[in-house]
1. If you find the alpha carbon centre of region 134-166 and of region 266-289, how far apart are they in angstrom?
2. What is the projected area of the convex hull of the Cα atoms of region 84-181, averaged over all directions, in nm²?
3. How large is log10 of I(q)/I(0) for region 247-308 at q = 0.14, 0.20, 0.27 Å⁻¹ when the intensity is taken from the Debye formula with one equal scatterer per alpha-carbon?
4. Report the FRET efficiency, 1/(1 + (r/R0)^6), for residue 3 and residue 285, where r is their Cβ-Cβ distance and R0 is 51 Å, rounded to 0.05.
5. Under 8 Å for C-alpha pairs, at least 6 residues apart: give me the relative contact order for the chain, rounded to a whole percent.
6. Rounded to the nearest Å, what's the spacing between the alpha carbon centres of region 245-259 and region 178-203? Just the number, please.
7. For the chain, just run the numbers: alpha carbon Rg, then divide by 2.2 N^0.38 Å, N being how many residues it has.
8. If you average 1/r over all unlike Cα pairs in region 172-308 and invert the result, what Kirkwood radius do you get in angstrom?
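Read the figures in this text as sums done on the coordinates, not as results from a lab. All values reported here derive from a predicted model rather than from experimental measurement. Counting neighbours? That spans all protein chains shown, and the Cβs are built from the backbone with ideal geometry, glycine included.
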């Protein structure tokens, strides 16, 4: 089984590319997975929130994982997101993804409605028990309150050997990350989400890595490597230049989909920026600004190639 220390660096979320008729664009999806492979990243994750998973049927969710597994042929680890507020559905998705050959299963804590911690704990324990031989990454994003408590994270890591990774997406969480790492030891690898926004604060704490969108993943991998190896000045120089694009896009998840795909188009990695409806339709000012930010990212990529 994959251990917590086996996975480090940037793990991008692969967006779901669509044709004009909103069908999944398999050829483009394969191209995105191939880009992650050639960039040298260790793993990719799909279909997550940044993949518009909530607009896909269960069959389509399984399909995009199968396409990624087929394209990767073992060259990169595939993390299969198996989210559902229904435990029964989440387990069925996870088990199907395991059969398909996914390396790791990812599960987001159900936060559609507020639940007591006992309900969340029961949900997670039953899910982990359902796939005991497969490593699991638990993601918790809770805009309405605190994420999983440290005692619960510790308890889960002791009782369930397949709870290997944790992804949190909350601000000002360096003390919490440090406490998690100190409490769980080498049992759980911790990743920062939310586009990589907090990674510079958390790398010195000892996080395994970050899970941003694919379009900036190679840039943030460079930042992670520099920062982790003590080249802080160079890391900040790059991070400060990519941050405006990340920060602007994270104001709204549907805006993120649009900006992410527009940047992938600008980089020659997608033929279009189609998202499934309901989708964000930018006003003229926002659209122009996104394109301006993306052009600045393209210039940054050229500068990295020359200077770093």
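1. Result: 34 Å between the Cα centres.
2. Mean orientational projected area (region 84-181, Cα hull): 6.1 nm².
3. Log10 of I(q)/I(0), two decimals: -0.41, -0.78, -1.20.
4. Details: r = 48 Å, r/R0 = 0.94.
Efficiency, from the Cβ-Cβ distance: 0.60.
5. Numbers: 508 pairs, mean separation 56.9, N = 308.
Once divided by the residue count of the chain, the mean separation gives 18 percent.
6. Region 245-259 and region 178-203 have Cα centres separated by 23 Å.
7. After normalising by residue count via 2.2 N^0.38 Å, the value is 0.95.
8. Values: mean 1/r = 0.0624 Å⁻¹.
Evaluated on region 172-308, it is 16.0 Å.
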